[in-house]
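The structure appears below as structure tokens.
The values are calculated or read from the model by the stated rules, or taken from the named source; none is laboratory data. Remember, predicted model here, so these are calculated numbers, not experimental data. Quick reminder, even Gly has a Cβ in these numbers, built from the backbone with ideal geometry, and neighbours come from all protein chains shown. Ligands, DNA and RNA are excluded from the accessible area calculation, which covers all protein heavy atoms including side chains. Shrake-Rupley method; radii C 1.70, N 1.55, O 1.52, S 1.80 Å.
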Amino acid sequence: MGRTIIEKIIQAHSRDDAAAGRIVWMDLDVRSARDFGGPNVVKNFEQEYGGAAPADPRKTFFTFDLCAPACSLKYADNQQACRDFARKHGIEVFDVDRGVGTHVMIEEGLARPSGTVVGTDSHMNILGAVGCFGQGMGDVDIAFAFKTGRTWFEVPESVKVVLKGRPSAAAEAKDLTLFLCRELGTKKIALRSAEFYGEAVRNLALSGRITLCSMITEMAGIIGFIPENGPIVADGDAAYADFIELDIDGLPPQIAVPPSPNTVRPLADLRGTRIDSGFIGSCTNGRTEDFARAAEILKGHKVKKRVMLKIVPATRRVYEEMLERGILETLFQSGAIVVNPGCGGCAEGHVGLTGKGETQISTGNRNFPGKQGKGQTYLAGPAVVAASCVAGEIAGPEDL
Amino acid sequence: MDKDIRQGRAVVLLNEHGKIIEDIDTDQIFHNAHLHITDIAQMGPYAFGNLEGWKDFPKNCGEGDILIAGRNFGAGSSRQQAVDCFTALKVGAIFAPSFSAIYFRNAVNSGFPVLKIHDLEALIAGKGIVTDDVIRFDVRSGRAENVTRGTAFKIEPMSPVQHDIFVAGDLFKYGKRIK
């Protein structure tokens, strides 16, 4: 019997038979922790293993991205505890200047095709975008991984999702992703690996692949892969638990409305909804291409006076590209607030939260009640967020 | 007492319409504003701090309580605190038709009993489980009994790895055993 992509990757890291449904021991190429989860990993590690060294410090990393630089004493203490531990054991820290850990790992070549990477980030499966098995785990799991270099894992079944047709010219990777959040909900690929096929995904650049793969978590899936034009393919006779075909021909821009990323409607239904703030960034839409698209729309326009637009590049390299390509200047001239790279904007980090009564439109990946404060959050692609911030209400670029 | 057999008071997570709450995410269980907390003993008061209708849970829960929740419990983030806050409150177990993958692993690895329950909607609709009922269950066989009502129902037995970790206490203790 042939193997699906997830079976192939796990098999290459295990001496057990990595067929779907089996529980196997899997070697981990990279084990990491963030400033959230990281201090708990250190605490667990020291409690359980005392002064012992991690299995391989060269495969062990910290990535600080949640609260960067620390905006509270607690985070400052927590980050320092991780730095002290890292120094003691010779572990590299991608510190508060570097940005979103998963993106840094892609840029640094640590997340490789067919590799296995774990960390304290539930969007670690974003690494599916480069054909790598990334998985978010809690601090017990990661402390164990630091020490042993491996973990147990139930090999997931796979679902083949085929997208038919071509989205409208106005639709971005995010619109396709939100459409999938609606169609697949939290049941259809739950606890499974998804492989996406079809022209619409085949032609996605890395930034678009990242957008799609980043929201598999919101579909309750384990990970997503885009085999076509990607670095790893499934065997022709691989076994799938399900086969889903979706027609996306002419797909218009989509928006996730509160209370969840799976409650998605077309932009046309929401047009005119008043907004108070916008956010472009996150592991889902924090690449240079995302900001270039926003800048294209904001050029020659101003963010509406009563609206604030917060911009957070995913990484320092993205920030640099924005600087070199003049994107930063366009965003600045439009009145946007551009801050240093990281995960700000999605959780209580170094970029503001929403207040009671505030309505925000965001390129992030979650809008669960209370997640980013007491306000209401709508999720959309960079073009719609940029246009909405100029209009002061939910709008597409064609409305300006 | 056999570690596999447990007993506790059911707490059924219903919304204001009397429906079981599905897709409860980790920000509703343990909000990201409290992620800086690393001491398990301090996590209890924040359990369900962002879940409408259940914010008083830490004050009202008791040792050994069995939480009964809708499908996809623990969606969202990888935070261990969303499990540890229940450990801090000495909650006995969580039953749900399904859990998010990361949440389930986190619970398994810290030796906290999370168990899949079948036909939950029918059980609730038929008043087969109501808050305050006393439930006795066997994590190995999957047999569960509503002691208050004298009825029986099924939960999915722990997988071998989940059971091994549960018996050892947590993943660390289990890891030392298998070395």
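Observations
- Filtered residues of segment B:128-152 (kept if part of a strand (DSSP E or B) and either of a type in the set (Gly, Ala, Ser) or open to solvent by 80 Å² or more (accessible area, probe 1.4 Å) (or both)): B:Arg136, B:Arg143, B:Ala144, B:Ala152
- Positions within segment B:35-49 being under 17 Å from B:Ile24 (Cβ atoms), within 12 Å of chain A (Cβ to nearest Cβ) and free of Cβ contacts under 8 Å to residues at least 40 places away in the same chain, in sequence order: B:Phe48, B:Gly49
- Residue that is nearest to the chain's Cα centre (by Cα), among those in segment B:19-60 that are β-branched (Val, Ile, Thr) and over 15 Å from A:Ala347 (Cβ atoms): B:Ile24
- Residue-level analysis places A:Leu191 outside the set of residues that are within 24 Å of A:Pro259 (Cα to Cα) and surrounded by 22 or more Cβ atoms within 10 Å (Cβ to Cβ).
- Selection status of A:Val303, in contact (Cβ under 8 Å) with a residue 60 or more places away in the chain and among the hydrophobic types (A, V, I, L, M, F, W, C): yes
- A:Gly352 meets each of the listed conditions (1) crowded, with 24+ Cβ neighbours inside 10 Å; (2) within 14 Å of another protein chain (Cβ to nearest Cβ); (3) assigned to a loop (DSSP other than H, G, I, E, B) apart from (1).
- Among residues of segment A:89-109, those that are under 13 Å from A:Phe62 (Cβ atoms), open to solvent by less than 40 Å² (accessible area, probe 1.4 Å) and part of a loop (DSSP other than H, G, I, E, B), counted: 3
- For segment A:284-318, a tally of residues being open to solvent by less than 10 Å² (accessible area, probe 1.4 Å) and in a strand (DSSP E or B) returns 4.
- Residue match in segment A:271-283 (condition: farther than 29 Å from B:Thr26 by Cβ and touching a strand residue (DSSP E or B) at 6+ places or on another chain (Cβ under 7 Å)): yes
- Within segment A:213-262, the set of residues being surrounded by fewer than 16 Cβ atoms within 10 Å (Cβ to Cβ) and among the aromatic types (Phe, Trp, Tyr) comprises A:Phe243 only.
A quick yes/no check of all residues on (1) away from every other protein chain (no Cβ under 12 Å); (2) out of contact with any Pro (no Cβ under 7 Å at 6 or more places or on another chain); (3) hydrophobic (A, V, I, L, M, F, W, C):
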residue: A:Glu7; (1), (2), (3): yes, yes, no
residue: A:Gly21; (1), (2), (3): no, yes, no
residue: A:Leu28; (1), (2), (3): yes, yes, yes
residue: A:Ser32; (1), (2), (3): no, yes, no
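- Qualifying residue in segment A:3-11 (condition: under 18 Å from A:Val104 (Cβ atoms), assigned to a loop (DSSP other than H, G, I, E, B) and open to solvent by less than 60 Å² (accessible area, probe 1.4 Å)): no
- Filter result for B:Val114 (among the β-branched types (Val, Ile, Thr) and within 14 Å of chain A (Cβ to nearest Cβ)): yes
- Looking only at residues in segment B:153-179 that are open to solvent by 50 Å² or more (accessible area, probe 1.4 Å), without any contact (Cβ under 8 Å) to a residue 40 or more places away in the chain and part of a loop (DSSP other than H, G, I, E, B), the one that is nearest to the other protein chains (Cβ to nearest Cβ) is B:Lys179.
- Selection over segment A:355-400 of residues that are more than 14 Å from chain B (Cβ to nearest Cβ), under 30 Å from B:Gly49 (Cα atoms) and of a type in the set (D, E, K, R) gives a count of 1.
- Candidates B:Gly53, B:Gly62, B:Gly74 - the one that is more than 8 Å from every other protein chain (Cβ to nearest Cβ), closer than 19 Å to B:Leu14 by Cα and open to solvent by less than 20 Å² (accessible area, probe 1.4 Å): B:Gly74
- Any hit, segment B:24-32, residues being surrounded by fewer than 23 Cβ atoms within 10 Å (Cβ to Cβ) and in a loop (DSSP other than H, G, I, E, B): yes
- Restricting segment A:52-67 to residues that are within 14 Å of chain B (Cβ to nearest Cβ) and either charged (D, E, K, R) or in contact with a Gly (Cβ under 9 Å, 6 or more places away or on another chain) (or both), the residue that is most open to solvent (accessible area, probe 1.4 Å): A:Ala55
- Strands (runs of 3 or more DSSP E) completely within segment A:113-182 that count 2 or more residues being open to solvent by 10 Å² or more (accessible area, probe 1.4 Å) and either touching a Pro at 6+ places or on another chain (Cβ under 9 Å) or within 13 Å of chain B (Cβ to nearest Cβ) (or both): A:150-154
- Among the residues of segment A:265-283, the one identified as open to solvent by 10 Å² or more (accessible area, probe 1.4 Å) and β-branched (Val, Ile, Thr) is A:Thr273.
- Residues in segment A:112-143 that are under 25 Å from A:Gly349 (Cα atoms) and small (Gly, Ala, Ser): A:Gly119, A:Ser122, A:Gly134, A:Gly136, A:Gly138, A:Ala143.
- Looking across segment A:327-342, the residues that are open to solvent by 30 Å² or more (accessible area, probe 1.4 Å) and part of a loop (DSSP other than H, G, I, E, B) come down to A:Gly335, A:Val339, A:Asn340.
- Single residue of A:Gly392, A:Gly345, A:Gly396, A:Gly375 found to be more than 14 Å from A:Asp290 (Cα to Cα), of a type in the set (Gly, Ala, Ser) and open to solvent by 10 Å² or more (accessible area, probe 1.4 Å): A:Gly375
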